[in-house]
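K.L.:
What follows is a single structure, and I will ask about it in a moment.
The values are calculated or read from the model by the stated rules, or taken from the named source; none is laboratory data. Quick caveat, the model's predicted, so the values are computed rather than measured. Cβ coordinates were reconstructed from backbone atoms using ideal geometry, including for glycine residues, and neighbour counts include every protein chain displayed. Side chains included, ligands, DNA and RNA excluded: accessible areas come from the protein's heavy atoms. Shrake-Rupley method; radii C 1.70, N 1.55, O 1.52, S 1.80 Å.
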Amino acid sequence: MSDRHPDVQNLIDAHRLVSQALPAEQSVKSFFAKCHAALEVPGTAHPPSTAKPLAVCGHLTEALRRQPGDDPLMANLCAAFERISAHLTWRLRTGLDDHNTTFMNGHGNAVITGMNGLEGHQQALFGVSLVAPGVTYPNHWHPPEEGYLVIGAGAWRQEQGDWQHRNRGQTIHNPPHIVHAMRATASAPLLALWMLWLED
Ligand SMILES: [Fe+2]
């Protein structure tokens, strides 16, 4: 089945509109454009999840809450994500800090397009991470280049650099293989959409 779920298309469209409004000097803008171009060709639709949500999903409503002064394009993206969120399969990231119960009870990832996603896709892996207040998602790395678009504010770190705070609508661009981490503030959940480029 290759028909794209309308909620997937709606989220991709909302993400593209935010991305197109980013300043030209942001390197992540052209990276997102490459992913969006690849996503114009739908992958294989998979059935929506019937899995039980993770504990961290209790923070989703707060992470998506409209904020005074929200950019209309970000408000549109939040609404598009809210619609799709119930269909997602949320999974824990294992192999990083499995004995840390704060981390294991306080994070979740879900894939929208790509392997194990709502839609299988060969080129663009499009997903989301949710991190509970006060929780750090520890150092990890992967070969693909990656761009984050932030919905719920938090901080990101590359290699041994300083933590960089990012608010709703801001971005992070990770080159291939770079070690990176993220953490929520003490008082609010981090929620960010990510895209990874799987192949040229
Ligand atoms: Fe990453």
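K.L.:
Under 10 Å, Cα contacts only: if you run a Gaussian network model on the chain, which one of 179, 18, 56 comes out with the highest mean-square fluctuation?
P.N.:
179
K.L.:
Further question: At what distance in angstrom do the alpha carbon centres of the range 144-200 and the range 69-97 lie from each other?
P.N.:
14
K.L.:
Name the residue, out of 27, 85, 129, whose mean-square fluctuation peaks in a Gaussian network model built on the chain with Cα pairs under 10 Å.
P.N.:
Checking each option, the largest mean-square fluctuation is seen for 27.
K.L.:
Could you please put 93, 168 in sequence from largest to smallest accessible area, using a 1.4 Å probe? Please list the in-between numbers first.
P.N.:
Numbers: 93 75, 168 35 Å².
Ranking 93, 168 by accessible area, largest first, yields 93, 168.
K.L.:
Continuing with the same structure: Which distance in nm do the two modelled labels at residue 67 and residue 50 give, with both placed 7 Å along the Cα-to-Cβ direction?
P.N.:
It works out to 3.8 nm between the two label points.
K.L.:
Next question, about the same structure. What fraction, in whole percent, of alpha-carbon pairs in the chain exceed 28 Å separation? Could the numbers behind the result be given before it?
P.N.:
Details: 3768 of 19900 pairs.
Here the tail beyond 28 Å accounts for 19 percent of pairs.
K.L.:
If you don't mind, another one. Find the accessible area per residue for the chain; the probe is 1.4 Å, ligands and nucleic acids are left out, and the unit is Å². Before the final figure, lay out each step's value.
P.N.:
Numbers: 9430 Å² over 200 residues.
For the chain, the solvent-accessible area averages 47 Å² per residue.
K.L.:
Right, here's the next one. Select from the chain the helices, each a whole stretch of DSSP H, whose alpha-carbon atoms run 20 Å or more along the helix axis and whose Kyte-Doolittle mean is at least 0.0; answer none if there are none.
P.N.:
Membrane-span-like by this rule: not one helix.
K.L.:
If you build the convex hull over the alpha carbons only and average its shadow over all orientations, what do you get for the range 102-187? Give it in nm² to one decimal.
P.N.:
Reported value for the Cα convex hull: 5.8 nm².
K.L.:
To the nearest 20 debye, what is the magnitude of the charge dipole of the chain about its Cα centre, counting +1 on the Cβ of each Lys and Arg and -1 on the Cβ of each Asp and Glu? Mind showing how you got there, number by number?
P.N.:
Working: 14 positive and 18 negative charges, 87 e Å.
It works out to roughly 420 debye.
K.L.:
Still on this structure: Which whole-number percent gives the relative contact order of the range 62-200, counting Cα pairs below 8 Å spaced six or more residues apart? Present the calculation step by step, with values, prior to reporting the outcome.
P.N.:
On the way: 311 pairs, mean separation 36.6, N = 139.
Contact order relative to length: 26 percent.
K.L.:
From the residues 175, 56, 110, which one has its Cα farthest along the dipole of the range 6-197 in the positive direction, the dipole being from +1 and -1 charges on Cβ of Lys/Arg and Asp/Glu about the Cα centre?
P.N.:
Selected residue: 56.
K.L.:
Moving on to the next point. Subtract the Cα-Cα distance of residue 122 and residue 17 from 0.36 nm times their separation in residues, and report this length gain in nm to one decimal.
P.N.:
35.5 nm
K.L.:
To the nearest 0.05, what FRET efficiency results for residue 140 and residue 3 with a Förster distance of 35 Å applied to their C-beta separation?
P.N.:
On the way: r = 34 Å, r/R0 = 0.96.
The pair residue 140/residue 3 has a calculated efficiency of 0.55.
K.L.:
Which Cα, out of 158, 184, 196, lies furthest along the positive dipole direction of the range 147-200 (beta carbon charges, K/R +1, D/E -1)?
P.N.:
So the residue furthest toward the plus end is 184.
K.L.:
Label point 7 Å out from residue 187 along Cα-to-Cβ: which residues of the range 129-163 have amide N under 15 Å?
P.N.:
Residues passing the 15 Å test: 133-134, 153-154.
K.L.:
Which of 182, 115, 104 ends up with the largest GNM mean-square fluctuation for the chain, with Cα atoms connected below 10 Å?
P.N.:
Comparing 182, 115, 104 in a Gaussian network model of the chain, the most mobile one is 115.
K.L.:
Looking at the range 1-108, I'd like the Rg to Rh ratio, where Rg is from alpha-carbon atoms and Rh is Kirkwood's inverse mean 1/r. Numbers along the way, then the final one.
P.N.:
Working: Rg = 16.2 Å, Rh = 16.1 Å.
That ratio equals 1.00.
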